[in-house]
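Okay, structure first, notes after.
Read-outs throughout are calculated quantities, based only on the coordinates presented, and are distinct from any laboratory measurement. Computed from a predicted structure; not experimentally measured. Cβ placement follows ideal geometry from the backbone for every residue including glycine, while neighbour counts extend to all protein chains displayed.
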Amino acid sequence: MMPDFVTIDEIENSNDKTVYYDFNQNIDGINSVGPISAELTIKSLGEFIEISGNVKGILKLECDLCLKEFEYNLDFNIDEIFAKHALLDEYGQETEIKDGQFITDLNGEDKIDIYDLLYQSVILNLPNKKVCGINCNGDNFLKEEELSDPRLDVFKNIQIQPKD
């Protein structure tokens, strides 16, 4: 099993300054059916390092409408750029180069944490609204299910008098 990080020296000393990295394991905090897999190409571009590739897996998500668990096929491309040395002091940890393209400053670190990169990428690629299917009848499920709490029965007969 490969380590969860790649060092800058490893990239610089490899053929064509390129490392091919295969990731195939579960990621803590992500509920997946099996391991998350990624085929990454890590390439030195002088002062920058580019990580690109594809990430796949099957996640267990909870439907926002009916609250039932469903499987979600995860399949997205990754394209990240890291600066080996500090960018400009007036910028923070990430700098936008062009629309949607950010460069992460390694702040002198000598390695890139692939595990953390993949965790963040998976989280950012989750759908905003998690729905189990196009025909989900979440409202019917909520009406049919016994969702009442007996402790709240006292509120069923409350009558509110309008103020004069």
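Using label points projected 7 Å from each Cα along Cα→Cβ, tell me how many nm separate Gln25 and Leu124, to one decimal.
So the label points at Gln25 and Leu124 sit 2.2 nm apart.
Take the Cβ-Cβ distance between Asp75 and Gln161 as r, set R0 to 45 Å, and report the resulting FRET efficiency rounded to the nearest 0.05. Can you show the working numbers first?
Working: r = 58 Å, r/R0 = 1.28.
Taking R0 as 45 Å, the efficiency between Asp75 and Gln161 is 0.20.
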